Amino acid sequence: MTPVEIQKILENQSRYFESGATLPVKARIAALKKLHAAIKQNEKMITQALTQDLGKSDLEGFMCEAGLVLGEISYMIKNIRKFARNEKKATCITNFAASTFVKKSPRGKVLIMSPWNYPFLLSMDPLVDAIAAGNTVVLKPSAYSANTSRVIARLLEEVFSPEYVAVVTGGRAENQCLLEQKFDYIFFTGSQAVGREVLRKASENLIPVTLELGGKSPCIIDKTANIPLAATRIVWGKYLNCGQTCVAPDYILCHQDVKDRFIEELKKQIEKQFGASPLENPTYGKIINQKHFERVCSLIDSSKVVHGGKSNPSTLKIEPTVMDNVSWDDAVMGQEIFGPVLPVLTYKNDEEMMNVVNSHSKPLALYLFTGSKELEQKVLDRCMFGGGCINDTIVHLATNNMGFGGVGESGMGAYHGQAGFDTFSHKKSIVDKKTWIDVNMRYQPYTGFKEFLLRMFLK
């Protein structure tokens, strides 16, 4: 798409937004219902595209992408009137007589830039929140997941007019062109490197942003943990989507007393969940492209592999891999892995464990497996991270009643449910002053009894 075409889309969206067409809550609900129906009708087309791009089975594509989007839409339809309602606030004595409230208004023209690893979910979830809040949207899906991007474009073109929701496909040229435009808000999901560029470009036009990034999310195994259950849930969370999940456990930080038992349970669970030959398992995913396949393979040190390690360049598949005796000097610890490789590190005591976590960049997620409420509270109090789970992995991001987002280098801002509605809204603080009385203390001259009253009320 050319710069002229992109500018035309924004001009049309400006006129559409200024017309007030997106403001009525009934109109927003109607738009969400149309989107819900279109996704259900095209479920097979969506899951087939996800299989082509990432090797996801139909069930995984529905469970982890299309189904979650349908859930977000249903949640918004049910709660949107409550979310959009004015929030009444107490009126201070200095503003007598008045009513005070916060009005939620849409931000306006929104740009959503989504990644390739969950290409349908991470495009549509923020889109749902933005529509619910009353915005127009330009959606830019990833060029890497080309099949899913085409499906998204086709689906949204059937549901919405481009002055309401438009899809811009393409690569870096389109990304750069979009970032030059004056949107009212930018929502970006992707790598930290690209996130920095998005933030830099947005700052030139003073555009507020939400950044959903990533990082090396630790998974802590305390010696009081239920080891077989921990291994079961970690194997599912780590190797889901072939490890290409921003909140996947990036590395294990295991108490030295239980490490050997934990690794044995990992091996059992990998074989149980993916079979003896995962590379031949049709429901096990693949790496998105050759570039990332080679990058992930380069992180595997064969001398430290205790399970898996094989790969197939022709199918871009890498076995679920476990590495032991890993240190922070190893290549696998030098970057977010974003693949099916799980390094295991150990610690001796709780203080050492928390020092390891806190001495590195704030992660998007943290997972703690423990039977100790005391340790649970200590980690929650003293470790900084975006969000996470106690005795599970990943599932916190599928909860509509809580916001999902990062902190520090793992991101800023949040979405899902009401947090998503609020992200795409501007909260106007309003004092509605009454006209039947006018207390004149604020007017000059400030002398005598008026000065006394002002000082008394403003203390």
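Placing R0 at 30 angstrom, the Cβ-Cβ distance between residue 290 and residue 173 gives a FRET efficiency of 0.90 after rounding to 0.05.
The structure shown yields log10 I(q)/I(0) by the Debye sum over Cα atoms at q = 0.06, 0.09, 0.10 Å⁻¹, and of the options [x] -0.49, -0.96, -1.07; [y] -0.26, -0.59, -0.72; [z] -0.31, -0.65, -0.78 that calculated value carries the label [z].
Tell me, what % of the accessible area of region 158-225 is carbon and sulfur with a 1.4 angstrom probe? Answer for region 158-225 is 53 percent, counting heavy atoms of protein chains only. Shape analysis of region 227-341 places it in the oblate category; the axes a ≥ b ≥ c from the Cα gyration tensor give an a/c of at least 1.5, with a/b not above b/c. Using a probe of 1.4 angstrom and keeping all protein chains present, the accessible surface of region 382-432 works out to 42 square angstrom per residue.
Take region 24-134 with all the other protein chains still there, run a 1.4 Å probe, and you get 39 Å² of accessible area per residue.
The charge dipole of the chain, taken about its Cα centre with unit charges on the Cβ of Lys, Arg, Asp and Glu (plus for the first two, minus for the last two), comes to roughly 1960 debye.
The HN-Hα couplings worked out from phi for region 310-323 by the Karplus form 6.51 cos²θ - 1.76 cosθ + 1.60 (θ = phi - 60°) are 7, 8, 10, x, 6, 10, 6, 9, 10, 4, x, 10, 10, 10 Hz, whole numbers, x standing for Gly and Pro.
Using the Cβ-Cβ distance between residue 196 and residue 229 with R0 = 45 Å, the FRET efficiency computed as 1/(1 + (r/R0)^6) comes to roughly 0.70.
Of the residues 345, 42, 420, the one whose Cα sits farthest towards the positive end of the charge dipole of the chain is 420 (charges of +1 on Lys and Arg Cβ, -1 on Asp and Glu Cβ, taken about the Cα centre).
Each residue of region 216-227 was assigned a 3J(HN,Hα) from its phi angle through the Karplus curve 6.51 cos²θ - 1.76 cosθ + 1.60 (θ = phi - 60°); the sequence is 8, 7, x, 10, 9, 10, 6, 5, 8, 5, 7, 4 Hz, with glycine and proline shown as x. Working from label points 7 Å from Cα in the Cα-to-Cβ sense, the residue 260 to residue 23 distance is 7.1 nm.
The amide H of residue 137, built 1.01 Å from its N in the peptide plane, has 110, 165, 166 as neighbours under 5 Å, considering only residues 5 or more places off or on other chains. Extending 7 Å from Cα along the Cβ direction at residue 96 and again at residue 5 yields two label points whose distance is 6.4 nm. Kindly provide log₁₀ I(q)/I(0) values, in the same order as q = 0.18, 0.21 Å⁻¹, from the Debye equation applied to equal alpha-carbon scatterers of region 193-286. The calculated log intensity ratios at q = 0.18, 0.21 Å⁻¹ are -0.85, -1.02.
In this Cβ point-charge picture (+1 for Lys and Arg, -1 for Asp and Glu), region 155-234 has a dipole of about 600 debye about its Cα centre. Once the 1.4 Å probe is applied to the protein heavy atoms, region 228-274 comes out at 34 Å² accessible per residue.
Tell me what the chain gives for mean residue ellipticity at 222 nm when only DSSP H runs of n ≥ 4 count, each as -39,500 (n - 2.57), the sum divided by the residue total, rounded to 500 deg cm²/dmol. Before the final figure, lay out the partial values.
Details: 16 runs with 188 residues, N = 459.
Value at 222 nm, helices only: -12500 deg cm²/dmol.
Only protein atoms count toward the accessible area here, which uses a 1.4 Å probe; on region 261-371, the carbon and sulfur part of that area reaches 47 percent. Note on residue 87: accessible area approximately 50 square angstrom, rounded to 10, probe 1.4 Å, nucleic acids and ligands left out. Here region 52-130 and region 270-284 have alpha carbon centers that stand 36 Å from each other. Of the accessible area of region 385-437, computed with a 1.4 Å probe over protein heavy atoms only, carbon and sulfur atoms account for 54 percent. Phi-derived couplings, Karplus 6.51 cos²θ - 1.76 cosθ + 1.60 at θ = phi - 60°, listed residue by residue for region 270-277: 4, 5, 5, 8, 10, x, 6, 10 Hz, with x used for Gly and Pro. Hydrodynamic analysis of region 173-215 uses the Kirkwood radius over alpha carbon pairs. Inserted into Stokes-Einstein at 25 °C and 0.890 mPa s, it gives a translational diffusion coefficient of 236 µm²/s. Hey, can you grab everything whose amide H is under 5 Å from the amide H of residue 306? Only 5+ residues off in sequence or another chain; H modelled, so Pro and N-termini drop out. Those lying under 5 Å, H to H, from residue 306 are 322, 323, 324.
A dipole drawn for the chain from +1 and -1 charges on Cβ atoms has a positive end, and of 318, 370, 19 the residue lying farthest that way is 19.
Which of rounded, prolate, oblate describes region 273-314, given a ≥ b ≥ c as roots of the alpha-carbon gyration tensor eigenvalues and a/c under 1.5 marking rounded, otherwise prolate only if a/b is larger than b/c?
On the way: a/c = 2.49, a/b = 1.10, b/c = 2.27.
Judged from the Cα gyration tensor, region 273-314 comes out oblate (a/c at least 1.5, b/c at or above a/b).
The protection proxy used here, the mean number of other Cβ atoms lying within 10 Å of each residue, ranks peptides 387-397, 424-434, 105-115, 30-40 as follows, highest first: 105-115, 387-397, 30-40, 424-434.
Note on the chain: dipole from Cβ charges, positive end direction compared against 79, 248, 122; the farthest Cα belongs to 79. Distances between placed amide hydrogens fall under 5 Å for residue 254 paired with 221, 345, 346, 347, all partners being 5 or more residues away or on another chain. Rounded to the nearest 0.05, the FRET efficiency derived from the C-beta distance between residue 457 and residue 376 at R0 = 51 Å is 0.65.
The values are calculated or read from the model by the stated rules, or taken from the named source; none is laboratory data. Because the structure is predicted, anything quoted here is derived from the model rather than measured. Cβ atoms come from the backbone with ideal geometry, glycine included; neighbour counts cover every protein chain shown. Surface areas here come from the heavy atoms of the whole protein model, side chains and all, with no ligands, DNA or RNA. Shrake-Rupley method; radii C 1.70, N 1.55, O 1.52, S 1.80 Å.
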